[in-house]
Amino acid sequence: AELATYYARNLGKYRLPERRVVRYATLSPTSLAAQAAPSDAEIAAAYKAQAQKFAAAELRTIVQVVVGDQASANALAAKVRGGASIEQVARAAGLEPATVKDTQKAAFAGQSSPEIANAVFAAKTGDVVGPLRAPLGFVVAKVASVRTQAAKSLAEATPELKASLAPQKTTALLTEKRNAFDDALAKTSFEGLVTKNQLTAQTTPALTATGQNLDTPTAKSDPALTPILAAAFAASPGDQPQTVPLGQDGSFALVTLDKVLPAAPRPLAQIRDTVVRDFQLDRAQRAANDVAAKVVAAANGGTALPQALSATGLKLPPLQPVTGPRAALIGNPQRVPPPLALMFAMPAKTTKLLEAPDKSGWVIVHLDTITPGNAQGNAKVIAGTQSDIGNVVGREYVAQFGKAVQNAIGTTRNAKAIASLKAELLGLASADQP
């Protein structure tokens, strides 16, 4: 009976948040890999569309420098034509050369201009071209190498084409599937869509909104379920299934809310051992409080604290002396031990009771002596105190001066005008406005 009463009195302590059971099935690029494999016809069509890419081509590696004015560009080009390294000459002038490797003429023209590309691709290996006018100055370029890329047959280009076509086809299939699911949701059940599309449905355990399974508290939540749970906790019982995007690759999940477990305390039968432990700790805590309260009463009644403790007949920890300055509370109050903080709120020769951290017991605090502070010789404390007093005195002088002026000339208060000004300063309508 005592255990049941304790449990009923502390239901909030054992209350579980709302949990939900969710059914879902996912579609990802992996699940569509077989369907997304490019066919021979698709590969052939892509090869034909990209014929220029796979045709034989002249490739050039070009080192170029952009110079701000023509005179400097002429000087730089002359040094390079004289045999100096274009990279060294450019860096000596505070410029950074750019190397364009294995580029075709059309691509280089897009990066620079048709005029510059024509000049560079008309030159031979080792030739210096320019200076040529560019949008940001003048270009000096050197042809580092020239080579011919052999044409690729359809068979040779197939691996590259497959690698580029498969992601495109996968994205298109995922979009098509999701659109089809969205169209069918109003008239087809979750199970019907799963069966028709040969998907694998999964059911979560009862989870919180953050993905925790309270039946296995040591297990970590699965980040992959975050968007699925967000959709499930936004749904109401009876809502139709929905599709939920899962990532940038087009993956999505078909999600339906299976069950809602409202917030409620765990049944006593399930957590009896935990409640028994808590009940015993609570009873021990209350018993300790009774003993400590009697010690405090005896000490405040004139009994010496050691005798009051001895009178309990219990084996208690030895008394621990605690000393400290008030400055400790001001400097870093968060790190001051609670018994020390309590002492500065107590008169001398008094005893008080303080609950220990984590409800682990009770601390009896007896203030024996108070030693008045003495700042003599402590320049830092004196200077700080003077500053504090100066601020207070300054405000007091201002207040007294204002009062003296009022008394000398006589004043009246216009309550309506004051209210109007206050409202205006606060950004509100003036007091005389409706």
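The values are calculated or read from the model by the stated rules, or taken from the named source; none is laboratory data. Every value quoted in this text rests on a predicted model; they were computed, and no experiment measured them. As a convention, Cβ positions derive from the backbone with ideal geometry for all residues, glycine included, and neighbour counts pool all protein chains shown.
Would you mind telling me which numbered condition in (1) surrounded by fewer than 19 Cβ atoms within 10 Å (Cβ to Cβ); (2) touching a Lys or Arg at 6+ places or on another chain (Cβ under 6 Å) Ala117 fails?
(1)
Which of the residues that make up the stretch 198-213 are assigned to a loop (DSSP other than H, G, I, E, B) and surrounded by 15 or more Cβ atoms within 10 Å (Cβ to Cβ)?
Leu199, Ala201, Thr204, Ala206, Thr208, Ala209, Gly211, Gln212, Asn213
Can you find a residue in the stretch 31-51 that is outside the structural domain of Val194 (by TED's automatic domain parsing), part of a strand (DSSP E or B) and crowded, with 16+ Cβ neighbours inside 10 Å?
No, the stretch 31-51 has no match at all.
Being without any contact (Cβ under 8 Å) to a residue 12 or more places away in the chain and assigned to a helix (DSSP H, G or I): is that true of Ala78 here?
yes
Filter the stretch 180-225 down to the residues that are over 29 Å from Ile271 (Cα atoms) and of a type in the set (Val, Ile, Thr), then identify the one that is modelled with the lowest pLDDT.
Here the answer is Thr188.
Rundown of residues vs (1) within 30 Å of Ala186 (Cβ to Cβ); (2) in contact (Cβ under 8 Å) with a residue 40 or more places away in the chain; (3) touching a helix residue (DSSP H, G or I) at 6+ places or on another chain (Cβ under 7 Å), yes/no style:
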position	(1), (2), (3)
Val255	yes, yes, yes
Arg277	no, no, no
Leu281	no, yes, no
Gly313	no, no, no
Arg326	no, yes, no
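I need the full set of residues from the stretch 85-101 which are small (Gly, Ala, Ser) and assigned to a strand (DSSP E or B), in order please.
Scanning the stretch 85-101 gives a single hit, Ala98.
In the stretch 121-140, which residues are of a type outside the set (Gly, Ala, Ser) and either within 18 Å of Glu58 (Cα to Cα) or surrounded by 12 or more Cβ atoms within 10 Å (Cβ to Cβ) (or both)?
If the condition is that a residue be of a type outside the set (Gly, Ala, Ser) and either within 18 Å of Glu58 (Cα to Cα) or surrounded by 12 or more Cβ atoms within 10 Å (Cβ to Cβ) (or both), then Phe121, Lys124, Thr125, Asp127, Val128, Val129, Pro131, Leu132, Arg133, Phe138, Val139, Val140 are the ones that fit.
Conditions (1) hydroxyl-bearing (Ser, Thr, Tyr); (2) under 30 Å from Ala292 (Cβ atoms); (3) modelled with pLDDT under 80, marked per residue:
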{"residue": "Thr323", "(1), (2), (3)": "yes, yes, no"}
{"residue": "Ala348", "(1), (2), (3)": "no, yes, no"}
{"residue": "Thr385", "(1), (2), (3)": "yes, no, yes"}
{"residue": "Gly402", "(1), (2), (3)": "no, no, no"}
{"residue": "Asn407", "(1), (2), (3)": "no, no, no"}
{"residue": "Lys416", "(1), (2), (3)": "no, no, no"}
{"residue": "Ala429", "(1), (2), (3)": "no, no, yes"}
